[in-house]
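First comes the structure, then the notes that go with it.
Please treat every number below as a calculation from the coordinates, not as lab data. Quantities reported herein were computed from a predicted structural model and do not represent experimental measurements. Note that we place each Cβ from the backbone using ideal geometry, even for glycine, and neighbour counts take in every protein chain shown.
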Amino acid sequence: MITNSSLPEKIKRAMENGAEIILVKLDAKNYVRISIEILKFLSSFAEGIYVTLNKPHFSLKKLLGKEGIDLRKLYFIDSITMQVGGEIIDEERCFYLNSPDPVQLQIAIERAMDLISSENRFIYIDSLSTISLYKSFETLIKFLRHITGKIRLRGFIGTIFTLEREMDEVYYSQITLMCDEVIEA
């Protein structure tokens, strides 16, 4: 198992070796802590897009701000707030979606990509398998193929997260084919 402090170093090495799409497979008990560490690392030198499929933007903003992450370097795509009847609080830096529908996500991600002009940029997709709760796995794979292609074409670094034992190994194997590096933590 990778320790918290070495994970950003592994991501840095993967990027230096040319990785554009990095899949990070985490155990559930360390998910929040490791996610914050990775976001701190990425936002220390780049602007990015945080695609949240599980936590409302309001909660994330509080947590990330408390951890010292510069929120001015992030755009959010929130697919949970509207679903649970929450309020829109920041339309300037957050795209609110009605659900984690892959078509809505693709459109929002591409719009957010257009807003980032810095040379160093990333996209952070929080827990990929959440999409499969709403759509078939085949739809999830089509979405991921489209998004990983856009990430590569537009010069972003993609970090995609999944939890251990969150999905069938056959599906996990297909997802890893679209990634340049797989890091288990």
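A few remarks follow.
- Here the range 1-108 yields Rg over Rh of 0.97, to two decimals, using C-alpha coordinates and the Kirkwood radius.
- Relative contact order (percent, whole number), the chain, Cα cutoff 8 Å, 6+ residue spacing: 35
- Taking the centroid of alpha carbons for each part, the range 58-93 and the range 128-185 are 22 Å apart.
- Cα-derived Rg to Rh of the range 6-184, Kirkwood definition: 0.92
- Expected-Rg normalisation [2.2 N^0.38 Å, Cα atoms] applied to the range 97-185: 1.07
- For the chain, the mean residue ellipticity at 222 nm estimated from helices alone is -13000 deg cm²/dmol, where every DSSP H run of n ≥ 4 contributes -39500 (n - 2.57) and the total is divided by all residues, rounded to the nearest 500.
- Prolate/oblate/rounded label for the range 74-114 (Cα gyration tensor, a/c 1.5): oblate
- Per-residue 3J(HN,Hα) values for the range 55-69, derived from phi via the Karplus relation 6.51 cos²θ - 1.76 cosθ + 1.60 with θ = phi - 60°, read 10, x, 3, 4, 5, 4, 4, 4, 5, 5, x, 4, 7, x, 7 Hz in sequence order (x marks Gly and Pro).
- Taking Cα centre as origin and charging only the Cβ of basic (Lys, Arg, +1) and acidic (Asp, Glu, -1) residues, the dipole magnitude of the chain rounds to 200 debye.
- In Hz, Karplus ³J(HN,Hα) per residue of the range 10-19 (6.51, -1.76, 1.60; θ = phi - 60°; x = Gly, Pro): 5, 5, 4, 4, 4, 5, 4, 8, x, 5
- Pairs of lysines in the range 6-184 whose Cα atoms sit within less than 17 Å of one another amount to 13, provided the residues are eight or more positions apart or on different chains.
- For Ser79, the amide hydrogen comes within under 5 Å of the amide hydrogens of Thr52, Leu97, counting only partners 5 or more places away or on other chains and with H modelled in the peptide plane.
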